[in-house]
Amino acid sequence: MRIFSQLSKLINDHHSSYSKLLILLSVSGSGGLIAYSQSNKDGGNPRNIGQNQRDQKKKRIVVLGTGWAGISFLKDIDTSAYNVQVVSPRNYFAFTPLLPSVTCGTVEARSIVEPIRNIMKKRSGEFAFWEAECLAIDSRNKRIHCRSNIKENLVGSNDFSLEYDYLIIALGAQVNTYDTPGVLEHCHFLKELEDAQMIRRSVIDCFEKAVLPDLSDEERRTNLHFVIVGGGPTGVEFAAELHDFFVEDVYKLYPSVRDLVKITIIQSGDHILNTFDARISSFAEQKFQRDGIHVITGSRVMSVSNDHLNMKTKADGKDFYVPHGMVVWSTGIGSRPVVKDFMKTVDQNNRRVLATDEWLRVTGCKDVYAIGDCATVTQRRVKEDILNIFESADEDNSGTLTVDEFRDATKDILIRYPQVQLYLKNNHITDATHLLKDKDGNEIKELTIEQFKTALCQVDSQTKSLPATAAVAAQQGEYLSSCFNRRKICELNPEGPRRFRSSGRHTFRPFCYKHLGQFAPLGGEQAAAELPGDWVSMGHSTQWLWYSVYASKQVSWRTRILVVSDWVRRFIFGRDSSGI
């Protein structure tokens, strides 16, 4: 027994590592995707006094939000170097790209949710998490003020404040109603998990109401008119999911009203999916036309009532109305109240979202970073620094740049100003020195400042804002955690480009988004994809690729298995149409 006790103590005093491996193989027309995940479970190593003293010296990082940006940051941050504290009104992470699937029961709500504490316990080190909402950010005193949203009947105060050394704002965004009258009162949104659950209940309620006796066909037709305002990826995917739900499941249960059902997408632009390749937009419109999904383009919603929308065509200004049984508003995003208030304190009150520099630091605020939908990266333009760039590149102070000096400076220019690289790519230029040509196409041996301005005068036209997508938020979280993990090393040995306005180099390379593609599920087991290399894929094989990618991108093996099992269940048994 004594030997067993000593052996048990020895095992418990050391961390044990367990690897979990699962292979997910989704077969498509062009192949499959295999994904694996490895997670470490740490044992209960007791913390001694020395460890506590070291923890007190750690810099405190407070993270606001547990969406894509916040979770990506938390999964990679080195907790041995920082004291990490998390504040969020929700104690879970939701895989938001599958929210349209939740609205129709294709995937269950709990299948795309992972508790934050489950994610944290897989990491070595310690996190502190508080389920609360941040009410105010005091950047001057490095403090945030929070309030718990837990029931008021429990004892204790709900208000508290936290101090920080670094603040990571990853609060996401809320739906932008553009102050349209009636939207908040009569429309559903599709931004949070609770929104998807409410939509699911409302869809079934519309059918149950429509089959009640003593209703006219016109009343039934109104109740069964489902309107989606916004023809972006979310609105289009929801319309496709809704159509499949009706055709494959609901019509069998409500056969008497199937001919009265109508789905309408309202888009203010000329085409749906206008952020995608034109081929995808055209393919989606043609498929929706075949499926009977009505698309209204070039029209704006002026107001919403309990049974109709007041509309106006943009071309001729004519007014008309559209009756509805349910409206889903999916037109864009806006800042949350706490972010709006904070923007006023840092002189950004005229902006839509928080502005950051290329290193994701909030402009005009020290030690505060913003990532995800609540922020936008303000890319510095080349023309603002053209003189400083020229002077820095002119190493011999001759007043002109040789080809070698230009080539040497270009290495840092491409890193500091990514629009230059995008300009070269779009113009099929493989080497930046090809810019050194005069009007007749002859190569220039030495550049004057005017010729240098001419060579780079067009590159700023390629500057674009990053889209508010999960992919951007996730990459920003990964980038920022990497910067924090390597802060001490990079402060001694900077890895960024040269500082054109001063001496030395930037500590880190600026954030650069890598576009890995985007999907648009269109229903009927068909999808469209815009992939790197200007490759466009559409059809059934693309839908299987979508299954593979979305399964592999789940935050844990638990959710990955649940989502795949939901898809299998739906193929075998259909979707659940109960009103819960």
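At a glance:
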item: Segment 565-580 and segment 354-424: distance between their alpha carbon centers, rounded to Å; result: 51
item: Relative intensity, log₁₀ I(q)/I(0), of segment 371-506 from a Debye sum that treats every alpha carbon as a point, q = 0.09, 0.13, 0.14, 0.17 Å⁻¹; result: -0.33, -0.66, -0.75, -1.02
item: 24 Å Cα-Cα threshold exceeded, pairs from LYS75/LYS488; LYS57/LYS142; LYS58/LYS553; LYS383/LYS411; LYS464/LYS488; LYS58/LYS344; result: LYS58/LYS553; LYS464/LYS488; LYS58/LYS344
item: Full-stretch length increase - ARG499, CYS512 - with 0.36 nm per residue and alpha-carbon distance subtracted; result: 2.9 nm
item: Distance from segment 230-252 to segment 499-535 (C-alpha centre basis), Å; result: 28
item: Solvent exposure, largest accessible area first (probe 1.4 Å, DNA, RNA and ligands not counted), of LYS287, LYS445; result: LYS445, LYS287
item: Globularity ratio of segment 517-580, using Cα Rg and 2.2 N^0.38 Å; result: 1.27
item: FRET efficiency, LEU492 to GLU391 (Cβ-Cβ, R0 25 Å, nearest 0.05); result: 0.40
item: Where labels lie 7 Å past Cα in the beta-carbon direction, separation of ASN426 and GLU443 in nm; result: 2.7
item: Inter-site label distance for ASP307 and GLN197 at 7 Å from Cα along Cβ, in nm; result: 3.1
item: Label zone at HIS145 (point 7 Å along Cα-to-Cβ), backbone N below 15 Å, segment 159-184; result: 159-163
item: log10 of Debye I(q)/I(0), alpha-carbon scatterers only, for segment 237-318 at 0.12, 0.17 Å⁻¹; result: -0.45, -0.83
item: Under-5 Å amide H pairs with ILE333, H placed in peptide plane, nonlocal only; result: ASN176
item: Option label - Cα extents along the principal axes in Å computed here, alternatives [x] 104, 54, 52; [y] 106, 51, 49; [z] 90, 89, 50; result: [z]
item: Neighbourhood net charge (13 Å Cβ-Cβ; Lys/Arg +1, Asp/Glu -1) for VAL459; result: +4
item: Distance from segment 162-185 to segment 58-78 (C-alpha centre basis), Å; result: 18
item: Helix-derived mean residue ellipticity, 222 nm - over the chain, DSSP H n ≥ 4, -39500 (n - 2.57), to 500; result: -10000 deg cm²/dmol
item: With DNA, RNA and ligands ignored, accessible area of GLU152 (1.4 Å probe; Å², nearest 10); result: 140
item: Charge context of LEU162, other residues only, Cβ under 9 angstrom, K/R +1, D/E -1; result: +1
item: Segment GLU163-LEU531, extension gain: residue separation times 0.36 nm, minus the distance between their alpha carbons; result: 128.2 nm
item: Whole-Hz couplings from phi, Karplus 6.51/-1.76/1.60, listed for segment 461-466; x for Gly and Pro; result: 5, 8, 5, 9, 6, 6
item: Accessible surface of HIS271 - all protein chains present, 1.4 Å probe, nearest 10 Å²; result: 90
item: MET302, MET120, reordered so the largest accessible area comes first (probe 1.4 Å); result: MET302, MET120
item: Sequence-separation-based contact order of the chain, relative, with Cα cut under 8 Å and 6+ spacing, percent; result: 17
item: Inter-label distance, nm, simple model (7 Å from Cα along the C-beta direction), ARG290/ASP76; result: 4.1
item: Positive minus negative residues near MET302 (Lys, Arg vs Asp, Glu; Cβ under 13 Å); result: +2
item: Cβ-derived FRET efficiency at R0 51 Å, LYS121 paired with LYS314, nearest 0.05; result: 0.45
item: Charged-residue dipole, Cβ positions (Lys, Arg, Asp, Glu), segment 152-245 about Cα centre, Debye nearest 20; result: 280
item: Förster radius 25 Å - calculated FRET efficiency between LYS453 and THR402 (Cβ-Cβ, nearest 0.05); result: 0.90
item: Amide H contacts under 5 Å for VAL84, placed H, 5+ residues apart; result: ILE61, ALA128
item: LYS151, LYS191, reordered so the largest accessible area comes first (probe 1.4 Å); result: LYS151, LYS191
item: Computed magnitude of the charge dipole of the chain (debye, nearest 20; Cβ of K, R +1, Cβ of D, E -1); result: 1920
item: With all protein chains modelled, accessible area of MET198 [1.4 Å, Å²]; result: 90
item: Listed peptides 509-519, 98-108, 487-497 by packing density, highest first (mean Cβ within 10 Å); result: 98-108, 509-519, 487-497
item: Amide H partners (placed H, <5 Å) of ARG505, local residues excluded; result: ARG499
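The values are calculated or read from the model by the stated rules, or taken from the named source; none is laboratory data. Note that the structure is predicted; figures quoted are calculated from it, not measured. Methodologically, a virtual Cβ is constructed for each residue, glycine included, from the backbone with ideal geometry; neighbour enumeration extends over all protein chains shown. For the accessible areas, the whole protein counts, side chains as well, though only heavy atoms, and no ligand, DNA or RNA atoms are used. Shrake-Rupley method; radii C 1.70, N 1.55, O 1.52, S 1.80 Å.
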